[in-house]
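The values are calculated or read from the model by the stated rules, or taken from the named source; none is laboratory data. None of these values were measured; they are calculated from a predicted model. Here the Cβ positions follow ideal geometry from the backbone for every residue, glycine too, while neighbour counts run over all protein chains shown. For the accessible areas, the whole protein counts, side chains as well, though only heavy atoms, and no ligand, DNA or RNA atoms are used. Shrake-Rupley method; radii C 1.70, N 1.55, O 1.52, S 1.80 Å.
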Amino acid sequence: MKNSKKALVTGGAGFIAGHIARNLKSRNYETIIVDNLKTGNKKNLPPNCRFINSDVGSDSYLDDVGDGFDLIYHFAGQSSVEISFRDPVYDIDTNARSTLLLLDYALKKSPNAHFIYASSMSVYGATGVMPKSESMSRDGTNFYAIGKRASEDYLRIYNSKGLKTTSLRLFNIYGSGQNLNNLAQGMISIYLAQALFNKKISIKGSLERTRDFVYIDDLLNYLLKIEHNPKAFSREINICSGKEFKVAEVIDVIKDVLEYEISLDLLDSTPGDIPRMVGCNKLLKNLTQIDCTTSLHKGISMMVERYRNDTYFQ
């Protein structure tokens, strides 16, 4: 019997979109996943899904994905500010160009789909008033932020053409299933990997830098309330906790969870890094009527437990 619901997930072999794809499968969505496996891993794919190994910066995969999607989660793309400086062309291809190609395809082949895009807190820039709310101007000055800003604008244009679109300004999403071998993205996963493997953490920048963290399970709960929600159409929405943690506090939690001594190596900042960031979650709470429930200590504890047990998605 054919499923009545169908979803396309780009980046579905990665951390966040891998969880999204598994969640969709658990809700009986026929799920098609596109990923180039550059940073993703096939073990992140849900069972019995259709997988296409392809770069989203090229339109070649679009001939194979099919049509008639109810949901399109576009979460593929280069997601490191540091890498965007090293290879800005790859960054713009996998982020802005891929979004434009997929939006155009969606409008033609799946005009009734809800197109949900993984934007970023980086669009707000590195300075200014905190917390950051969706009504504030965008001022991202690194290559990664520029690509995300362009993609948000593309979504607005295609919404005006009749496609239901939502940009999610993701703050620091963390949790089980993050690639602990990738030391170029994910503050908590970078620090935790070094602590687990070397009992030493190299920190690029000040211990006073701050971030706003959301555990992956809380993100999934938000998405259930955002999917097909007319109040979310044609919007940019912060996915944040509204709580601000210093790098020093994150390190202290990691030490407490691991229960052994960890040495620190303080290095110069990464180009384009943001010294302080915390989001306003008023719009998110208004749209979803829920809040983050996972504390930083609980979230990091679950990351460690599931890494050691190799049970990322349970």
Looking at the structure I just gave you, is M277 of a type in the set (A, V, I, L, M, F, W, C) and assigned to a loop (DSSP other than H, G, I, E, B)?
yes
Scan the stretch 63-86 residue by residue and report those that are open to solvent by 60 Å² or more (accessible area, probe 1.4 Å) and modelled with pLDDT of 95 or more.
D67
The residue from L107, L102 that alone is at pLDDT 90 or above and surrounded by 22 or more Cβ atoms within 10 Å (Cβ to Cβ) is L102
Which ones in the stretch 14-36 are over 14 Å from the mean Cα position of the chain (by Cα), within 18 Å of H114 (Cα to Cα) and either buried (at least 24 other Cβ atoms within 10 Å of the Cβ) or small (G, A, S) (or both)?
L24, T31, I33, V34
Odd one out for S60 among (1) of a type in the set (S, T, Y); (2) farther than 27 Å from I226 by Cα; (3) surrounded by 14 or more Cβ atoms within 10 Å (Cβ to Cβ)
(3)
Single unsatisfied condition, R149 versus (1) under 28 Å from M302 (Cβ atoms); (2) open to solvent by 30 Å² or more (accessible area, probe 1.4 Å)
(1)
Residue list for the stretch 196-220, restricted to those being more than 16 Å from K246 (Cα to Cα), open to solvent by 60 Å² or more (accessible area, probe 1.4 Å) and in contact with a Ser or Thr (Cβ under 8 Å, 6 or more places away or on another chain):
K199, K200
Filtered residue count, the stretch 286-314, keeping only those that are outside any loop (DSSP other than H, G, I, E, B), open to solvent by less than 40 Å² (accessible area, probe 1.4 Å) and among the hydroxyl-bearing types (S, T, Y):
2
Residue by residue through the stretch 9-35, note down the ones that are aromatic (F, W, Y) and outside any loop (DSSP other than H, G, I, E, B).
F15
When L283 is run through (1) open to solvent by 40 Å² or more (accessible area, probe 1.4 Å); (2) within 30 Å of P230 (Cα to Cα); (3) in contact with an Asp or Glu (Cβ under 9 Å, 6 or more places away or on another chain); (4) not in a loop (DSSP other than H, G, I, E, B), the failure sits at (1)
